[in-house]
Amino acid sequence: MLEKLRGKDEIRIEMVCLGNVCRSPMAAAVLDNKGAKLGSPKLIVSSSGTSRYHIGEGAHKSSVRTWEAAGYKYHHEAKQFSPASFREQDLILCMDLSNRALVLTAAKSAEEKAKVFLLRQFDLALRGIDPTSRAAEELVVPDPWGSGIDAFEEVLALIESATDGLIAELVK
Ligand code: 4NP
């Protein structure tokens with residue numbers, strides 16, 4: 001999936017969700033920490049939300065509590081997704097189908113569209129699922145907003161598995 005990125009010294013990756021306070025900051029926290037252990041390629045990780053709801057805020061306290069309990073360290077300030085990311089980023093990894101649809105709407109070329117994936121497309125256990133089919137629903141990181149800590153812990157498990165697969169793909 002990522003043949004074009006192989007051999008690059010630096011890879012820029014933006015995680016995208018709706019509010020940029022629960023899922024995408026957690027995905028960025030996990031990938032940033034895993035990337036720091038890699039050496040090469042250098043991963044430059046960021047995140048954004050398709051909405052303006054939480055611009056300038058920190059991550060949701062349950063998100064922070066969950067990633068810190070798992071040993072990840074990360075500082076976050078919410079921002080809105082900008083089409084400038086198509087120029088600045090190598091990969092734009094969306095948490096759900098609605099985020100992906102909104103991001104793709106802002107893409108102006110096939111080259112820009114080719115940077116957009118669902119994060120869980122990289123989960124090695126989900127390889128057979130066609131992200132353009134109805135089964136793509138199985139590739140979603142569910143929105144934990146309004147749910148208890150268990151939902152955030154479930155999100156962390158999905159993110160850890162998907163980011164492990166992503167790194168395996170990048171270092172192939
Ligand atoms: P996120 O979760 O997209 O994972 O950051 C949400 C955060 C805030 C809202 C919805 C989802 N909200 O409606 O404010």
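Does residue 76 meet the test of being within 15 Å of the ligand (Cβ to nearest atom), farther than 26 Å from residue 138 by Cβ and surrounded by 21 or more Cβ atoms within 10 Å (Cβ to Cβ)? The answer is yes for residue 76.
Yes or no, residue by residue, for (1) open to solvent by 60 Å² or more (accessible area, probe 1.4 Å); (2) over 14 Å from the mean Cα position of the chain (by Cα):
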| position | (1), (2) |
| --- | --- |
| 29 | no, no |
| 42 | yes, yes |
| 62 | no, yes |
| 69 | yes, yes |
| 92 | no, no |
| 104 | no, yes |
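Residues in the stretch 126-153 that are in contact with a Lys or Arg (Cβ under 6 Å, 6 or more places away or on another chain) and either open to solvent by 60 Å² or more (accessible area, probe 1.4 Å) or under 19 Å from residue 70 (Cα atoms) (or both): 141 alone.
Taking the listed residues 24, 51, the one that is among the polar types (S, T, N, Q), within 14 Å of the ligand (Cβ to nearest atom), crowded, with 19+ Cβ neighbours inside 10 Å and over 15 Å from residue 164 (Cα atoms) is 24, with no other qualifying. For residue 156, the criteria (1) surrounded by fewer than 19 Cβ atoms within 10 Å (Cβ to Cβ); (2) within 15 Å of the chain's Cα centre (by Cα) hold in every case but one, which is (1). Within the set 88, 14, the sole residue that is more than 13 Å from the ligand (Cβ to nearest atom), at pLDDT 95 or above and buried (at least 21 other Cβ atoms within 10 Å of the Cβ) turns out to be 14.
The values are calculated or read from the model by the stated rules, or taken from the named source; none is laboratory data. Because the structure is predicted, anything quoted here is derived from the model rather than measured. Cβ sites come from the backbone with ideal geometry, for glycine too, and all protein chains shown count toward neighbours. Calculation scope for accessible area: heavy atoms of the full protein, side chains included, ligands and nucleic acids excluded. Shrake-Rupley method; radii C 1.70, N 1.55, O 1.52, S 1.80 Å.
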